[in-house]
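Peer 1: One structure coming up, written as structure tokens, with questions to follow.
The values are calculated or read from the model by the stated rules, or taken from the named source; none is laboratory data. Computed from a predicted structure; not experimentally measured. In this analysis, Cβ positions are derived from the backbone assuming ideal geometry, glycine residues included, and neighbour counts consider all displayed protein chains.
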Amino acid sequence: MTHRRRIWITGIGVVAPNGIGKEAFWQALREGKSGISRIQSFDASSLPCRIAGEVRGFDPCDFVDGKRARRMARATQFAVASARMACEDACLSLEQVPQESFAVVFGISTSAMDMIEREHKVFLRRGVSRMLPYGIVSATPQSVTGEVVAELGLPGSVRTVSTGCAAGLDAVGQGLELIRSGGATTVLAGGSDAAITELIVAGLCALNIMSRNNERPEEASCPFDARRDGGVLSEAGGAVILEEEGAARLRGAVPYAEVVGYGEAGEVERQMPGTGLQRAMDRALADAGISPSAIDHISAHAPSDPLLDAIECKAIRRVFGSRTRRIPVTSIKSMLGNPFAGIGILQTAAACLSFAQGILPPTINYRYPDPECDVDCVGTRPRMCEPEYILINSHGFGGSNSSLILRRCHR
């Protein structure tokens, strides 16, 4: 039997609507602090949905030279900031890692619509001569990964993943596979998106999938609750350091968790809704070599959508059967909204901190259980728990479904 390398998570970096840095982020999750409020980045008064999870108090110059920061889209700034924090948290010196052994994998679901919309307005009002010469290049999805590599001076392999909201979790999954295959010993995996723009919010409103609870923004995202009327858009960036166990031990790194399983699957319209997510969970369990009975906690995708939340719960029931009601389930989107590619990394960070603290974050606003969402939802208060295995789910527009399994580290 072939020996499989063990992979540790040794560093975390977070830029989230309810906290910048892992400490602020975790404290906000524990306290059930929402990062959702009325949109301030543009005038949303004419739109049906006027709320979002905006990151406040973020200064890119804390992480990037001011001149370079101005050339970056907001999602790129989040990515660079979270990558720096993850490396610092892991006490990782790049001199410790051979160039051929390092890889960077970042997920992003959109082009930089903030920069595209801004430059389009400049073009219409003032002409091509007043446009930024680097604007369109800086707006491409791969510029996120490229700027992380350039700013941190990171050597080695570079990948950009774009699978919708699942992209951040898929970045971790690809990092896992790179280390297992011997393609790297250390991977910086992350996800970032900043799509709170007038056009994107208007487009999502046209899809009729956004909450219209504009009067009480902090209560608008209520996964699994019978009152939910749609999701809430947000923005975020996150990164984790993945290391092969031997390399991590050699430099004295302290792990948050071990990544033991990953699965992904597509889904088409003619299939039963949730089939793709069910297959992703099944594949992650098989990859980890464990049965469904081993899972102690599920970090759900659950975007507070009337249909998607119920579909995910049905998929969970098909995988876990009679144990479904005995596995605590939470959705941190109740506090964050949905930052697209950023969410999978934030779920991974929250799971790592749950292992460390013995606490599962709450699903705030869960007051009126929906019978269609028949799971053991961790409600408005955090729950004490010492999980051995945590399953993380992520679903993206276009039929992408991914699941990741983390295990508590026993050094």
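Peer 1: Being within 18 Å of Ala302 (Cβ to Cβ), outside the structural domain of Ala350 (by TED's automatic domain parsing), in contact with a Gly (Cβ under 8 Å, 6 or more places away or on another chain) and in a strand (DSSP E or B) is true for just one of Ser221, Ser234. Which residue is that?
Peer 2: Just a single option satisfies the conditions, and that option is Ser234.
Peer 1: Return the residues of region 89-105 that are closer than 9 Å to Ser157 by Cα and not small (Gly, Ala, Ser); say none if nothing qualifies.
Peer 2: Passing the criteria: Gln99, Glu100, Phe102, Val104, Val105.
Peer 1: Return yes or no: is Gly13 crowded, with 17+ Cβ neighbours inside 10 Å, touching a Lys or Arg at 6+ places or on another chain (Cβ under 9 Å) and part of a strand (DSSP E or B)?
Peer 2: When the stated conditions are applied, Gly13 passes them.
Peer 1: Working only within region 397-408, note down all residues that are in contact with a Leu (Cβ under 9 Å, 6 or more places away or on another chain) and either of a type in the set (S, T, N, Q) or under 19 Å from Ile108 (Cβ atoms) (or both). Let's see the steps before the verdict.
Peer 2: To start, the set of residues in region 397-408 that are in contact with a Leu (Cβ under 9 Å, 6 or more places away or on another chain) comprises 401-406.
Of everything in region 397-408, those that are in contact with a Leu (Cβ under 9 Å, 6 or more places away or on another chain) and either of a type in the set (S, T, N, Q) or under 19 Å from Ile108 (Cβ atoms) (or both) turn out to be Asn401, Ser402, Ser403, Leu404.
Peer 1: While we're looking at this one, here's another question. Name the residue, out of Pro387, Pro369, Pro361, that is closer than 19 Å to Lys33 by Cβ and in contact with a strand residue (DSSP E or B) (Cβ under 8 Å, 6 or more places away or on another chain).
Peer 2: Pro361
Peer 1: To continue, here is another question. From the list Arg283, Arg279, Arg323, pick out the single residue that is among the basic types (Lys, Arg), buried (at least 20 other Cβ atoms within 10 Å of the Cβ) and in a helix (DSSP H, G or I).
Peer 2: Going through Arg283, Arg279, Arg323 in turn, the sole match is Arg279.
Peer 1: Based on this model, can you work out whether Val201 counts as at pLDDT 95 or above, over 17 Å from Pro141 (Cβ atoms), hydrophobic (A, V, I, L, M, F, W, C) and part of a strand (DSSP E or B)?
Peer 2: When the stated conditions are applied, Val201 does not pass them.
Peer 1: Another question, if that's okay. Go through Ala286, Ala265, Ala300 for me and flag whichever is over 19 Å from Gly396 (Cβ atoms), in contact (Cβ under 8 Å) with a residue 12 or more places away in the chain and aliphatic (A, V, I, L, M).
Peer 2: The conditions single out Ala286.
Peer 1: Looking at region 306-320, which of its residues are among the charged types (D, E, K, R) and either buried (at least 22 other Cβ atoms within 10 Å of the Cβ) or modelled with pLDDT under 95 (or both)? Walk me through how you get there before you give the answer.
Peer 2: Narrowing region 306-320 to residues among the charged types (D, E, K, R): 309, 312, 314, 317-318.
Asp309, Glu312 - these are the residues of region 306-320 that are among the charged types (D, E, K, R) and either buried (at least 22 other Cβ atoms within 10 Å of the Cβ) or modelled with pLDDT under 95 (or both).
Peer 1: I would also like to ask the following. Hey, could you check region 103-136 for residues that are among the aromatic types (Phe, Trp, Tyr) and surrounded by fewer than 22 Cβ atoms within 10 Å (Cβ to Cβ) and say which is farthest from Ala253 (Cα to Cα)? Step through it out loud before you land on a result.
Peer 2: Start the filter on region 103-136 by keeping residues that are among the aromatic types (Phe, Trp, Tyr), which leaves 106, 123, 134.
When the remaining residues are screened for being surrounded by fewer than 22 Cβ atoms within 10 Å (Cβ to Cβ), the result is 123, 134.
Numbers: Phe123: 50, Tyr134: 39 Å.
Step by step, filter region 103-136, then rank; the result is Phe123.
Peer 1: What pairs can you find where one residue is in region 83-95 and assigned by TED's automatic domain parsing to the domain that holds Glu151, the other is assigned to a loop (DSSP other than H, G, I, E, B) and polar (S, T, N, Q), and their Cβ atoms are less than 9 Å apart, with a gap of 6+ or different chains?
Peer 2: Cys87/Ser93
Peer 1: Which of the residues belonging to region 237-271 are in a strand (DSSP E or B), of a type in the set (D, E, K, R) and closer than 20 Å to Pro303 by Cα?
Peer 2: Glu264
Peer 1: Can you find a residue that is in contact with a Phe, Trp or Tyr (Cβ under 6 Å, 6 or more places away or on another chain) and closer than 26 Å to Gly11 by Cα anywhere in region 99-117?
Peer 2: Yes: one or more hits.
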